[in-house]
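Structure first, then comments.
The values are calculated or read from the model by the stated rules, or taken from the named source; none is laboratory data. What you see is a predicted model, and the numbers here were worked out from it, not measured in a lab. So basically every Cβ, Gly included, is an ideal-geometry build from the backbone, and we count neighbours across all protein chains shown. Note: areas computed on protein heavy atoms with side chains; ligands, DNA, RNA excluded. Shrake-Rupley method; radii C 1.70, N 1.55, O 1.52, S 1.80 Å.
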Amino acid sequence: MLQHSFVLDALETTGADTFSHFEILINEHRRMSEQNNQQVSRLQQLVPTIGMFHTHLPLRRAFEVYNEKHKLTKRQHIQISFNEIRHILNLAQIMALRKNVPGERRHPLDIFAPELEPNSFVSCRKSDDVEIADGDSTVDKDIPPGQLNGPRLITFDGDQTLYADGANFDSNPRLANYLYLLLRHGVSVAVVTAAGYEYNVEKYEYRLSGLLHFFRQRGLSNAECARFYLFGGECNYLFQLGHGYRLQPVKEYGPSGWITSTSFIKESPGNWSEAHINTVLDLAESNANETLTELNLRGRIVRKRRSVGLCPNPGQEIPRESLDELVLRSHEKLNRMNEGNGPGIPYCAFNGGTDAWVDVGNKRVGVQVLQSYLGIPVQETLHIGDQFLNTGNDYAARDVSCCVWIISPQETTYILKLILRLAGVSVILPDENGKNDGVSSSDDRSDSGERQSMKIDFGEIQRRSQVVQHMDVYTGDLIQK
Ligand code: IMP
Ligand code: MG
């Protein structure tokens, strides 16, 4: 539809209306799904693989805001790209997750104001009223720590979302600061990653070393730390950040055990048997071996308790096409097995960029378990990830969560800045003396002395990063030099 307008040189006048039309189609699709209407919506006729929309999406507003900044409709030779549409959808989703505040007069364009000027910043009062700062009379008063006006649970993919593929979260103070601010403002944050090292805490801690170190330096309180989770192996190994900024395995069974208390979810780990798990892994392993030989790939097969991977040999690469081929072969075989009398447990076959895996479980289950464990509904959950093609592992999260599709940690950083700014939280990175730290002066911990020095120990970060450089991220083993 946008293409027609572009060719006719009519985007300037019809672009926004086209996005309004998309909104109408989405609303119709949502209504029909909610009513369990058996008819196929117009949107589904156009896009048969369309998923569920968990919130309304203000696409027209998002387009207007984006266009105001990037002037897409002024272009004469280059039409709106896939990436730009992805950005507009992401923006609409972030806007939708913010609850309307009665009496709000702020214009959405403000979120794209150039770098924050104290007197042009959107301020939120304790009463929750939000207004445009209109000059010297309005000071940049940040909201006190508490419940943020936005998503209540944000789940993050790891590789390529929080850190580059195969790397770790070492020193990224801006992103670390935004995650810190989310935790401080009442948001539950969870890394939901395919990387599975069973309950070997140190291996996950190595990969998140810079982030955990930042939390320590900022003196995140125990209650705030407790809002940080990590789900390893998609939905297999659950950790919570505890005392001493260490990840701690969450109890699995018995009263309040996460597996026991979420076993009412049909697909959750409490309902899998070891026999079924091994049936899936045996098929995945034989398929990976067959493909490795047939396509003459320079890789090795890694089998773990809950996954099978095809990983490149050290210093070698496996072509993307071959990884996709293996993923699609896996889908085909596992689906066929489940259509027959297969185990019917959830799995995820995906291309991780340099490797391909079949995991038992997937991010749909991971996000759903967290929602149930924390009592947070779908409409207030956001999953941020980079793998939303049908050969990716974030794709599964779409069913149970609002989603934002990013392509790099830089884009994740930008999205978090947007969420925080829309909620009125100051996002200025603190200096070494702890000034401008984005929390109110009523912060009780400044008095209690619990807050620690702002000086970042780069030596420690470097030491941990070096360990990760010598860690095989596929297996979690340390590589002997
Ligand atoms: P994610 O993007 O955070 O979900 O992480 C995906 C990456 O984790 C994969 O591409 C692998 O490199 C790595 N990984 C390590 N262990 C596993 C595993 O057991 N299953 C799947 N991926 C794994
Ligand atoms: Mg990823």
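Results, tabulated for the structure shown:
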| quantity | calculated |
| --- | --- |
| Count - residues of the stretch 25-48 that are within 23 Å of Q79 (Cα to Cα), open to solvent by 50 Å² or more (accessible area, probe 1.4 Å) and part of a helix (DSSP H, G or I) | 1 |
| Flag for F239 being aromatic (F, W, Y) and part of a helix (DSSP H, G or I) | no |
| Filtered residues of the stretch 327-349 (kept if within 15 Å of L281 (Cβ to Cβ) and under 26 Å from the mean Cα position of the chain (by Cα)) | S330, I345, P346, Y347, C348, A349 |
| Residues located in the stretch 86-103, provided they are aliphatic (A, V, I, L, M) and in contact with a helix residue (DSSP H, G or I) (Cβ under 8 Å, 6 or more places away or on another chain) | I88, L89, L91, A92, I94, M95, L97 |
| Failed item, numbered, when P108 is tested on (1) more than 16 Å from V473 (Cβ to Cβ); (2) at pLDDT 70 or above | (2) |
| In the stretch 1-19, the residues that are open to solvent by 30 Å² or more (accessible area, probe 1.4 Å) and either farther than 24 Å from A96 by Cα or not aliphatic (A, V, I, L, M) (or both) | Q3, H4, F6, V7, L8, D9, E12, T13, T14, D17 |
| Residue within the stretch 190-207 that is in contact (Cβ under 8 Å) with a residue 40 or more places away in the chain and away from ligand 1 (no atom under 16 Å from the Cβ) present | no |
| Test: residue in the stretch 366-386 that is within 15 Å of ligand 2 (Cβ to nearest atom), open to solvent by less than 10 Å² (accessible area, probe 1.4 Å) and touching a His at 6+ places or on another chain (Cβ under 7 Å) | yes |
| Inter-residue pairs, beta-carbon under 6 Å, first without any contact (Cβ under 8 Å) to a residue 40 or more places away in the chain and in the stretch 306-321, second in a loop (DSSP other than H, G, I, E, B) and away from ligand 2 (no atom under 16 Å from the Cβ), 6+ apart | N313/R298; Q316/R298; I318/L297 |
| Residue satisfying condition, being surrounded by fewer than 16 Cβ atoms within 10 Å (Cβ to Cβ), away from ligand 2 (no atom under 16 Å from the Cβ) and not in a loop (DSSP other than H, G, I, E, B), within set R305, R336 | R336 |
| Residue list for the stretch 258-278, restricted to those being under 30 Å from the mean Cα position of the chain (by Cα) and part of a helix (DSSP H, G or I) | W258, I259, T260, S261, P269, G270, N271, E274, H276, I277, N278 |
| Of all residues in the stretch 158-180 being under 24 Å from P249 (Cα atoms) and more than 10 Å from ligand 2 (Cβ to nearest atom), the one that is modelled with the lowest pLDDT | G166 |
| Enumeration of residues in the stretch 214-245 that are out of contact with any strand residue (DSSP E or B) (no Cβ under 7 Å at 6 or more places or on another chain) and surrounded by 15 or more Cβ atoms within 10 Å (Cβ to Cβ) | F214, F215, R216, Q217, R218, G219, L220, S221, E224, C235, N236, Y245 |
| Strands (runs of 3 or more DSSP E) fully within the stretch 350-417 counting 2 or more residues that are closer than 19 Å to L57 by Cβ and outside the structural domain of S256 (by TED's automatic domain parsing) | none |
| Selection from the stretch 54-75 of residues that are open to solvent by 40 Å² or more (accessible area, probe 1.4 Å) and either aromatic (F, W, Y) or more than 29 Å from S33 (Cα to Cα) (or both) | E68, K69, H70, K71, K74, R75 |
| Residue identified as surrounded by 22 or more Cβ atoms within 10 Å (Cβ to Cβ) and touching a Ser or Thr at 6+ places or on another chain (Cβ under 9 Å) among Y180, Y204, Y197 | Y204 |
| Among the candidates V404, V400, residue that is closer than 19 Å to T193 by Cβ, more than 16 Å from ligand 2 (Cβ to nearest atom) and modelled with pLDDT of 95 or more | V400 |
